[in-house]
Amino acid sequence: MSTGRPDFASICARLFPRKTSAMYAVVAVPLNRPEVRDFLQSAADHEEARGTLVEVIGQRPTRDAMDAWARSLDELPTHVAPEDAIGPLLSIDSPHTHLRRVPTDRLIPSHFLDDPDFISLNLGGWTPIYFGVVGVGDSNMLGSDAPDPFLQHAETLTRYGKNIAAFGAEREHVVERVQEELDAPLTAIIGGIVRLNALDRETGFAPEQQIPLLVAAIDDRQSLRTADGIPIPQPLLCDALLDRLVRVEQSRRDVAARGDEDAVERHAVQQQKWAAEYDVHIILKGEYVAGRHRRSTICLVPSLGIVIKQPGPEPFHDINLGARTYDGKPENWPVLEKNGAVVTPRGRVRIVLEENVVPRLHAAFNHDVRFSALLGFIIEDHVPGPTLQEYIENDSSRMTEDLYRRVLTTQHVCEALGVNNPDWHSANFIVNEETGDLMHIDWGAARPLPEGDRTEADRDQRIEQVRNFAYSFHDDAIAEQVQDLHEKITSAPEHMRSIRQSAENLAANV
């Protein structure tokens, strides 16, 4: 570290050195249109990409951006004040540090295209719609005059121009929280970022050499230290682990798209080795396909009892149910809110903490979570067991009345806490293999319930939304079974009274 005040302008200049002529816009592309579907599926038959090269927002900042960020932090004064350090620490918090170039026929990972239903099936209005930011040379590259079917079917929801509007961390909030949430002084936080970047450079930016070291350090909290000999704070180690795992998985997807089977096999062997030796697993949802999945990254380390979750950068939006009709069926479409500014991972954690919805929901179910406003992720206790989707699809007889009552109880806990959660999906529940308890582990869609939406009719409508849970199994027989259970239980006053009482007891934990 140096002496003197940090030059925030020069830090930003290093992080955004490349100026492009790209114009950025938020688009929605229905993937089930025949021209788009054929365009994407034919990509598997060609090693060379044929789509238009566009810029998209990656899940994590690029390696070059992370390197420039850490090296600039190394030049901060040794005893920098928190209010002077937060600007440089948050300079990485921009969609422009995440930008990567991808051909349009490679925007949907090839393993999703192996399932023809993924880009064709309408599940109760949930049709697959690619939703996100793209950067193109000019506005004529979007719409009917575009150079390929993907962009021809892209509906522009808003245009940013050359600068992507963003909603990120709030500096004063981070200043208040940073040393407590990382359980370390500011010098250790900055020194930890610098040291982890040095480790990255020393290993030639090779994740396979770093992951064993990171897992060991997360466990012992001692083996990786700053240049001053201070143990690197555990959340920084978790962030670095997440970053390296995403790099490897993104690389695997890139070579899979090119049809390089040998490279895919090498990546798979490496990932399987990490899973076997260190119990480390990565789930990357690096694109938003409405009706299928939102963006997020999840790193599971059951051996250490933790799960690291990071939301993906997405524009402010909602889903308009039944907004369109195609082929005689209703379609749910994204609609922008708040000018469609991109919510960065740090911005999403900021919202979560300001709303105080997700922390209260976890508390109701006695599930320990830690939030990092600085790093934009959460660390939570690992719940051992399969997702409810896996649990039921392996044996549909497990979909009992008692089990579905527990799903409805979870919804009623939301009611008791003044929360609206419109996302009811079987993959968002875990069946604890040790206790048999049902735990909802993804509250990303939960929002405060407006005062004007608390009538009995509104409540009944939200209960009815839980019916969407049935479609998450992608199995008509199970869907019908769930629909029957929903009707049977919700039409019985004695069942609903019991469910409300159970929910109120759980809400009392908050």
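Readers should treat all values here as calculations from the given coordinates under stated rules, not as data from a laboratory. Note that the coordinates shown come from a computational prediction; the quantities given were computed from them, not determined experimentally. Every residue, glycine among them, receives a Cβ derived from its backbone with ideal geometry; neighbour counts consider all protein chains shown.
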Positions within region 474-489 being under 30 Å from Pro128 (Cβ atoms), surrounded by 11 or more Cβ atoms within 10 Å (Cβ to Cβ), out of contact with any helix residue (DSSP H, G or I) (no Cβ under 6 Å at 6 or more places or on another chain) and touching a residue at least 24 places away in the same chain (Cβ under 8 Å), in sequence order: His474, Asp475, Gln481
Matching entry among Arg346, Arg360 (being outside any loop (DSSP other than H, G, I, E, B) and more than 21 Å from Cys299 (Cα to Cα)): Arg360
Count - residues of region 346-359 that are in contact (Cβ under 8 Å) with a residue 40 or more places away in the chain and either in contact with a helix residue (DSSP H, G or I) (Cβ under 7 Å, 6 or more places away or on another chain) or over 30 Å from His98 (Cβ atoms) (or both): 2
Test: residue in region 256-263 that is surrounded by 19 or more Cβ atoms within 10 Å (Cβ to Cβ) and either acidic (Asp, Glu) or on the phi > 0 side of the Ramachandran plot (or both): no
Every residue from region 196-254 that is in a loop (DSSP other than H, G, I, E, B), among the β-branched types (Val, Ile, Thr) and buried (at least 20 other Cβ atoms within 10 Å of the Cβ): Thr226, Ile232
Evaluation of Trp333 against (1) more than 25 Å from Pro103 (Cα to Cα); (2) part of a strand (DSSP E or B); (3) not hydroxyl-bearing (Ser, Thr, Tyr) (one fails), failing number: (1)
Residue that is farthest from Glu180 (Cα to Cα) [pool: residues in region 225-241 that are under 29 Å from the mean Cα position of the chain (by Cα) and among the hydrophobic types (A, V, I, L, M, F, W, C)]: Leu241
Breaking point among (1) among the acidic types (Asp, Glu); (2) in contact (Cβ under 8 Å) with a residue 40 or more places away in the chain; (3) closer than 30 Å to Asp423 by Cβ; (4) surrounded by fewer than 20 Cβ atoms within 10 Å (Cβ to Cβ), for Asp115: (2)
Residue ranges of strands (runs of 3 or more DSSP E) in region 376-471 with at least 1 members more than 24 Å from Ile319 (Cβ to Cβ) and touching a Gly at 6+ places or on another chain (Cβ under 7 Å): 377-381, 429-431
